[in-house]
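The values are calculated or read from the model by the stated rules, or taken from the named source; none is laboratory data. Everything quoted here is computed from the prediction, not taken from an experiment. Neighbour counts run over all protein chains shown; Cβ positions are idealised from the backbone, glycine included.
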Amino acid sequence: MNDTGRFRRAVVGWAAGGAGAAGAEAAARESAAGAGVRTVVLVEGGSDRAAVEALAARHGRDLDEEGVSVVPLGGATSIGRFVDLCGPRGLGIRLAGLCDAAEERFFRRALERAGLGSGLTADGLESLGFHLCDADLEDELIRSLGTDAVQRVVGEQGESRAFRTFRNQPAQRGWTEERLLHRFMGTHAGRKAQYARELVARLDLDRTPRPLERLLAHL
C-alpha cells in the first residue's frame, strides 16, 4: 500500500473515532505529508471511488501520483465528520466530492458549517468541486451506456443467468430495464464497485456522465 492508500485508510479510521482515533490522526497527517496529498475527493461509497479512479485512468491520469485521494464516506451522513477532519478546520486540504441528488442537503450543510459557503445551491456546490448525480452514479452510468450495452457487460461478467433469475422474481415484475439493472448491481457486496469499473471502462468518453466529467476536470 502506498502513502495515498495509507492516508485513505487512516482518515477513515480517524473519522470512526474510538480508542484508535489518536493513532489514526497521526497516521493521516504523516501519510498526507508523505504522499503530498493536495486534494481529498469525498464520495459516498466504494463504487463511486472505483468509477472516479477508473475514469481518471482512461484519461491517462494516476490520481495517487497527482496527490489526489478519493475517500469513501461509508454513507452521506458522515460527510460532516470528514469535512471537519480534512478541510480548513482540520488538515487544511482542498476538498471536492460526488454525491447523490437526494443526499445534497448533507453535503451542503457540512460545507457551510466548515465556512466554505452559505446558502449553497447546486451551482454553488459545483463551484466548490462537489457534483451531484441524478439520481445516483449507477443511474448516470446506465443512462449513458444504454441498457443493451449494460446487459452485455453483465454477460461479460458471467452473470447473465443470475440477472435472468433476479428479473423473474415476483418482486421485480413490471420494473423497467433500467431499474432492474440498477437494483441488480446492489444485490451482492462488492458488485456495485465491480460494475462501476466495468461500465466506466466501456463508456464512450464523449458520453461521460456530467458529474464525473466535471469532477475530473476540477481535480
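The number of residues in the range 10-25 that are free of Cβ contacts under 8 Å to residues at least 12 places away in the same chain and either under 20 Å from G80 (Cβ atoms) or part of a helix (DSSP H, G or I) (or both) comes to 6.
Just wondering, is there one or more residues in the range 52-60 that are more than 21 Å from L125 (Cβ to Cβ), in a helix (DSSP H, G or I), of a type in the set (G, A, S) and free of Cβ contacts under 8 Å to residues at least 24 places away in the same chain? Yes. Across the range 148-163, a minimum of one residue is classified as of a type in the set (V, I, T) and farther than 21 Å from E44 by Cβ.
For the residues G60, G23, G18, the requirement of being within 16 Å of A217 (Cα to Cα), among the small types (G, A, S) and exposed (fewer than 15 other Cβ atoms within 10 Å of the Cβ) singles out G60.
Report yes if E177 is surrounded by 11 or more Cβ atoms within 10 Å (Cβ to Cβ), closer than 28 Å to L132 by Cβ and acidic (D, E), otherwise no. Judged against the criteria, E177 is a match. How many residues are in contact with a Pro (Cβ under 8 Å, 6 or more places away or on another chain) and of a type in the set (A, V, I, L, M) when one looks only at the range 74-128? Residues that pass the stated criteria total 3.
Residue by residue, here is whether (1) closer than 27 Å to H59 by Cα; (2) touching a helix residue (DSSP H, G or I) at 6+ places or on another chain (Cβ under 9 Å); (3) of a type in the set (F, W, Y) holds:
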position: D139; (1), (2), (3): yes, yes, no
position: A149; (1), (2), (3): yes, yes, no
position: G155; (1), (2), (3): yes, yes, no
position: E159; (1), (2), (3): no, yes, no
position: A162; (1), (2), (3): no, yes, no
position: T165; (1), (2), (3): no, no, no
position: A196; (1), (2), (3): yes, yes, no
position: A201; (1), (2), (3): yes, yes, no
position: T208; (1), (2), (3): yes, yes, no
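Looking across the range 80-103 at every residue that is in contact with a Leu (Cβ under 6 Å, 6 or more places away or on another chain) and not in a strand (DSSP E or B), the one that is modelled with the lowest pLDDT is identified as A101.
For the range 37-47, check the following and say yes or no: at least one residue is under 18 Å from L95 (Cα atoms), part of a loop (DSSP other than H, G, I, E, B), touching a helix residue (DSSP H, G or I) at 6+ places or on another chain (Cβ under 6 Å) and β-branched (V, I, T). Yes, because at least one residue in the range 37-47 is under 18 Å from L95 (Cα atoms), part of a loop (DSSP other than H, G, I, E, B), touching a helix residue (DSSP H, G or I) at 6+ places or on another chain (Cβ under 6 Å) and β-branched (V, I, T).
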